[in-house]
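The values are calculated or read from the model by the stated rules, or taken from the named source; none is laboratory data. Small disclaimer: the values here were computed from a predicted structure and weren't measured. Virtual Cβ from ideal backbone geometry, glycine too; neighbours counted across all protein chains shown.
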Amino acid sequence: MTKTNTLSAAYADLLNGRRIAISFQTAAELLVADFSDARQQRLEFAVSNTVRLPHSGTTSLHYADVSRARALLSKSRELGRDAGDADMWIISSALRYDLRLVTHDRQQLALAEAAGVECLTALGAPSRGSRT
């Protein structure tokens, strides 16, 4: 999040006072991200203050449930059907640890809600340069 991004304020309000955890999948994605050195340093600092959620056998069981939810969304051609495998692992982590999911991805949000995860999002918030 940056101070100049209007979405930053919306997410700061959503996260205010909450302890933040990230899935093992999110941590892995950050390792291979192609960011500038400055942005990578900011992300590393932000992530250093989070709880890391490890993978477990129970996470895999939840992944199977999320996969079935995605298959149902695909059959009905609903939003969430195009959520990727990485999204499914993140959702599975939220289920495993009984946590709310913070997302700004409409596909991930729809699948998470279909799988029974409570979500926090600022998708309705206006963003600088937004076309909606």
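Given the conditions (1) free of Cβ contacts under 8 Å to residues at least 60 places away in the same chain; (2) farther than 16 Å from Ala21 by Cβ; (3) of a type in the set (Gly, Ala, Ser), which single one is not true for Ala122?
The failed condition is (1).
State whether one or more residues within region 32-52 are in contact with a strand residue (DSSP E or B) (Cβ under 9 Å, 6 or more places away or on another chain) and within 14 Å of Met88 (Cα to Cα).
no
Can you confirm whether Arg39 is basic (Lys, Arg), surrounded by 11 or more Cβ atoms within 10 Å (Cβ to Cβ) and either more than 18 Å from the chain's Cα centre (by Cα) or modelled with pLDDT of 90 or more (or both)?
yes
Does region 93-129 hold any residues that are in contact with a strand residue (DSSP E or B) (Cβ under 8 Å, 6 or more places away or on another chain) and part of a helix (DSSP H, G or I), and which are they?
Selection gives Ser93, Ala94, Arg96, Gln108, Leu109, Ala112, Glu113.
Hey, among Ser74, Ser23, Ser67, which residue is more than 15 Å from Ala112 (Cβ to Cβ) and at pLDDT 90 or above?
Ser74
Take Ala94 and tell me if it is in contact with a Gly (Cβ under 7 Å, 6 or more places away or on another chain), surrounded by 14 or more Cβ atoms within 10 Å (Cβ to Cβ), of a type outside the set (Asp, Glu) and farther than 23 Å from Thr6 by Cα.
No.
With the requirement that a residue be free of Cβ contacts under 8 Å to residues at least 40 places away in the same chain, surrounded by fewer than 18 Cβ atoms within 10 Å (Cβ to Cβ) and either assigned to a helix (DSSP H, G or I) or not small (Gly, Ala, Ser) (or both), what does region 73-91 give you?
Listed by number, the residues that qualify are Ser74, Lys75, Arg77, Glu78, Leu79, Asp82, Asp85.
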